[in-house]
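Since the structure comes first, as C-alpha cells, the remarks are kept for the end.
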Amino acid sequence: DLSEADITGAIIKWTNLQTANLEKSILIGANLEGVNLQDAALSNAILKNAILWYADLKRANFFRANLENASINYAELQSANFCEANLKNTFFLQTDLQKTNFQSANLQRSDLSGANLQGANLAKSNLQGANFQGANLNEVNFEESIFRNVTIDKNNVSELPFIILEKYEKTFVVV
C-alpha cells in the first residue's frame, strides 16, 4: 500500500504495479515509463510533471488527481477514470484513450494529437486551447464542454455535436 506516500522524483520504470493503491500519493516529477498500473487507485494523487510514456493505465482511477504538465505519450488508458482531474498542459500523444472518462476534467492546453478517443466522455470538461490534431473523435461525448480555441482537423469537425459547432466554431483552429 503506497497511499499517501511521498515518492517525488522517483524513477520506477517498467515495473508491475497493477492494482496498486497510490491514492493521495505525491509523485511529482516521477519517471514511470512503461509501468503497469492497470486497475490502480490514484485518486487525489499528485503527478505533476510525471513521465508515463508507454505505461499501461487501463481502468486506472485518477479521480481528482493532479497531472498538470505530465507526459503520458504512447500509453494505454482504455476505460481509465480522469473525472475532475487536473490535466492542464498534459501530453497524450498517440495514446489510446478509448472509453476513458474525462468528465469535468481540466484539459486546458493539453495535446491529444493522434490520440484514440473513440467513445470517451469529455462532458463538462475544460478543453480551451486543447490540440486534437489527428485524433479519433468518433462517438466522443462533448456535452457542456468548454471548446474554445481548440485545434482540430477539418475532417473531424463533422464529428462534433451541433451545439458545439454553433457556440465555438469561430474559435477553432482548423488544420
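Any read-out appearing in this document is the output of simple, stated calculations on the displayed coordinates, not a laboratory observation. Computed from a predicted model, the values in this text were never measured in an experiment. Cβ sites come from the backbone with ideal geometry, for glycine too, and all protein chains shown count toward neighbours.
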- Message: Just checking my list (i) 11.3; (ii) 7.8; (iii) 10.2 against mean projected area of the Cα convex hull in nm² computed from this structure; which label fits?
- Response: (ii)
- Task: Work from the charge dipole of region 1-123 (Cβ charges, +1 for Lys and Arg, -1 for Asp and Glu, about the Cα centre) and give the residue of Ala123, Asn44, Phe92 farthest towards its positive end.
- Result: Ala123
- Item | region 1-122, relative contact order [Cα under 8 Å, separation at least 6], % | 16
- Query: Of all the Cα-Cα pairs you can form in region 53-94, what percent are over 12 Å apart?
  - Reply: 59
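Placing unit charges on C-beta atoms (Lys and Arg positive, Asp and Glu negative, everything else neutral), compute the dipole magnitude of the chain about its Cα centre in debye, rounded to 20. If you can, show how the numbers build up before the last one.
Numbers: 14 positive and 19 negative charges, 70 e Å.
The dipole of the chain has a size of about 340 debye.
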- Item | Helix-only CD estimate at 222 nm, as mean residue ellipticity for the chain, using -39500 (n - 2.57) per DSSP H run (n ≥ 4) | -1000 deg cm²/dmol
- Item | Per-q log10 I(q)/I(0), region 21-112, q = 0.19, 0.22, 0.25 Å⁻¹ (Debye; single scatterer per alpha-carbon; no solvent) | -0.73, -1.04, -1.48
- Taking the chain as a Gaussian network, Cα atoms linked when under 10 Å apart, which of Glu76, Glu33, Glu144 shows the biggest mean-square fluctuation? Glu144
- Task: Enter the Cα centre distance for the pair region 1-60 and region 90-127, rounded to the nearest angstrom.
- Result: 19
